[in-house]
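Report on one structure; see the data block that follows.
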Amino acid sequence: ELAITHTQELIPIIKSIPEIKAASVRIKSAGLISSSESSAGVMIVGVDPRTEKNISSLSKRVQSGNFLDTNDQAIVIGAALAKNLNVKLGEKVVLMGQALDGSIASGAYRIQGLFDTGTEELDKGLALITHKAAQELFVMEQKTSEVVLRLDNALSAKKTAGIIKAKI
């Protein structure tokens, strides 16, 4: 799997492009979430809580508790996933996956928020932690999986991609 480095230099370059409304970094990896009673396969996504709010509506979909903040031991999951795991706000879950160096990634996180997007796949299969926590979990110090963009006009995506390629 590829990892992006030098994001601190890359983000300002990307944000300087007028067509780009917002940019954020994410780390994404398939993994397993476990409670004391059950486990499920999930997409683990490490987000920057400060900039993710400008990219997606996930922070607005939290129905109980709170979206992620600076607490790197917090997790936000779908209410449907919490029901399947038989967990509630304040309880701990364990995430497992494969780190970038091939080792087993494992960490315990306290449930800080439960979201409901109305999309079953997301509500049962998405686990959000902070980008910093994901860097630690997946041994990706100073790296990220993707830079996510919000454009003024989605129809200009191909043109904007060309501009980005030319600048970097």
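The values are calculated or read from the model by the stated rules, or taken from the named source; none is laboratory data. All values derive from a computational prediction rather than experimental measurement. Backbone-built Cβ (ideal geometry, glycine too); neighbour counts: all protein chains shown. Side chains included, ligands, DNA and RNA excluded: accessible areas come from the protein's heavy atoms. Shrake-Rupley method; radii C 1.70, N 1.55, O 1.52, S 1.80 Å.
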Name the residue, out of Ile55, Ile13, Ile111, whose mean-square fluctuation peaks in a Gaussian network model built on the chain with Cα pairs under 10 Å. Ile13
Going by amide H atoms built from the backbone, whose H comes under 5 Å of the H on Gln98, apart from near neighbours? Ala105
Choice from Lys158, Lys143, Lys15 with maximal GNM fluctuation in the chain (Cα, 10 Å cutoff): Lys158
Describe numerically, in nm with one decimal, the distance between label points set 7 Å from Cα along Cα→Cβ at Lys92 and at Leu2. 3.8 nm
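Classify the range 1-154: rounded, prolate or oblate, from the alpha-carbon gyration tensor (a ≥ b ≥ c, eigenvalue square roots; a/c under 1.5 rounded; otherwise prolate if a/b is larger than b/c)?
Numbers: a/c = 2.15, a/b = 1.37, b/c = 1.56.
Here the range 1-154 falls in the oblate category.
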How far is the Cα center of the range 120-165 from the Cα center of the range 20-84, in Å? 12 Å
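May I ask you to derive the relative contact order of the range 51-149, considering only C-alpha pairs under 8 Å and at least 6 residues apart, and to give it as an integer percent?
Working: 170 pairs, mean separation 34.8, N = 99.
Taking the mean separation of contacting Cα pairs over the length of the range 51-149, I get 35 percent.
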Below 8 Å between Cα atoms, with a sequence gap of 6+, how large is the relative contact order for the range 1-96 in percent? 28 percent
For the chain, modelled as a Gaussian network with Cα springs under 10 Å, which listed residue fluctuates most, Thr144, Thr117, Thr130? Thr117
Assigning unit charges at the beta carbon (Lys, Arg +1; Asp, Glu -1) and nothing else, what dipole magnitude in debye, to the nearest 20, does the range 82-153 show about its Cα centre? 280 debye
Below 12 Å, Cα to Cα, which aspartates and glutamates can Lys28 reach? Residues fewer than 8 away in the same chain don't count. Glu1, Glu146
List, in order, the whole-Hz ³J(HN,Hα) value for each residue of the range 89-97 obtained from phi through the Karplus relation with A = 6.51, B = -1.76, C = 1.60 and θ = phi - 60°; use x for Gly and Pro. 3, x, 8, 9, 10, 10, 9, 9, x
Short version: ³J(HN,Hα) in whole Hz for each residue of the range 38-53, in order, from phi by Karplus 6.51 cos²θ - 1.76 cosθ + 1.60 (θ = phi - 60°), x for Gly and Pro, what are they? 7, 8, 7, x, 9, 9, 8, 10, x, 10, 8, x, 5, 9, 4, 4
If the cut-off is a Cα-Cα distance under 16 Å, which aspartates and glutamates reach Lys92, setting aside same-chain residues fewer than 8 apart in sequence? Glu37, Asp72
Among the lysines, which have Cα under 19 Å from the Cα of Lys21 when same-chain residues fewer than 8 positions away are ignored? Lys53, Lys60, Lys158, Lys159, Lys165, Lys167
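Could you order Arg26, Arg61, Arg50 by accessible surface area, starting with the largest, using a probe radius of 1.4 Å?
Numbers: Arg26 40, Arg61 105, Arg50 180 Å².
Result, largest first: Arg50, Arg61, Arg26.
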